[in-house]
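Read through the structure below, which is laid out as structure tokens, and then see the notes.
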Amino acid sequence: MTDIRTLSCDVFTPHVGSTVTLITGDGQSLETTLRIARINPNGTFSNAPREAFSLLLYAPEPCAWNSCDATLNHPQLGSIGPLHMVRIVSDEPGISAVFQASFN
């Protein structure tokens, strides 16, 4: 399991476009695509050990999941989390849900 305190946006940037599986504590899984990994400079606290960043993972239709705690599982990065994933409404055709993970 990866220590989330050591993560930065640079860890995820090379993997944009790849599949990330979200796995909940009760074993449910959902395949998503990492679409955006971006630095959030305005969200970085002055004494923070890293720059704040966020990930956006897109889920195909249909998706009945809501915001949840889940572990991110990636073939190269391994397991990360659990993290709190916030569901964001998507207006993109064929995408029923976008999940955001924020790292401050």
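The values are calculated or read from the model by the stated rules, or taken from the named source; none is laboratory data. Just so it is clear, the structure is predicted and the values come from calculations on it, not from any experiment. As a convention, Cβ positions derive from the backbone with ideal geometry for all residues, glycine included, and neighbour counts pool all protein chains shown. Quick note on the areas: whole protein, heavy atoms, side chains included, nothing else; ligands and nucleic acids left out. Shrake-Rupley method; radii C 1.70, N 1.55, O 1.52, S 1.80 Å.
When only Cα pairs below 8 angstrom with a gap of at least 6 residues are kept, the chain shows a relative contact order of 28 percent.
Quick check: at a probe of 1.4 Å, how many percent of the accessible area of the chain sits on carbon and sulfur atoms? Answer for the chain is 51 percent, counting heavy atoms of protein chains only.
Between residue 100 and residue 79, the simple label model (points 7 Å from Cα in the Cβ direction) yields a spacing of 2.8 nm. Full extension of the chain between residue 86 and residue 42 gives 13.9 nm of extra length, using 0.36 nm per residue less the Cα-Cα distance. Counting only protein heavy atoms and a 1.4 Å probe, the chain has 57 square angstrom of accessible area per residue.
Estimated from helices alone, the mean residue ellipticity of the chain at 222 nm is -500 deg cm²/dmol (sum of -39500 (n - 2.57) over DSSP H runs with n ≥ 4, per residue). Taken one residue at a time, the phi angles of region 83-98 give Karplus couplings (6.51, -1.76, 1.60, θ = phi - 60°) of 10, 8, 9, 9, 7, 10, 5, 9, 10, 8, x, x, 10, 9, 8, 10 Hz. Gly and Pro are set to x.
Here the simple spin-label model places points 7 Å from the Cα toward Cβ, and for residue 11 and residue 26 these points are separated by 2.8 nm.
Shown is the FRET efficiency for residue 64 and residue 3, computed with R0 = 30 Å from the Cβ-Cβ distance and rounded to the nearest 0.05: 0.45. Each Lys and Arg adds +1 at its Cβ and each Asp and Glu adds -1 at its Cβ; summed about the Cα centre, the chain shows a dipole of about 240 debye. Expressed to the nearest 5 percent, the antiparallel share of DSSP beta bridges inside the chain is 95 percent. Summing charges over neighbours of residue 18, with a neighbour being any other residue whose Cβ is under 14 Å away from its Cβ, gives 0 when K and R count +1 and D and E count -1. Amide hydrogen proximity for residue 44: with H placed 1.01 Å from N in the peptide plane, the residues at 5 or more positions away or on another chain lying under 5 Å are 52. Charge tally for residue 30 (other residues, Cβ to Cβ under 15 Å; Lys, Arg +1; Asp, Glu -1): -2.
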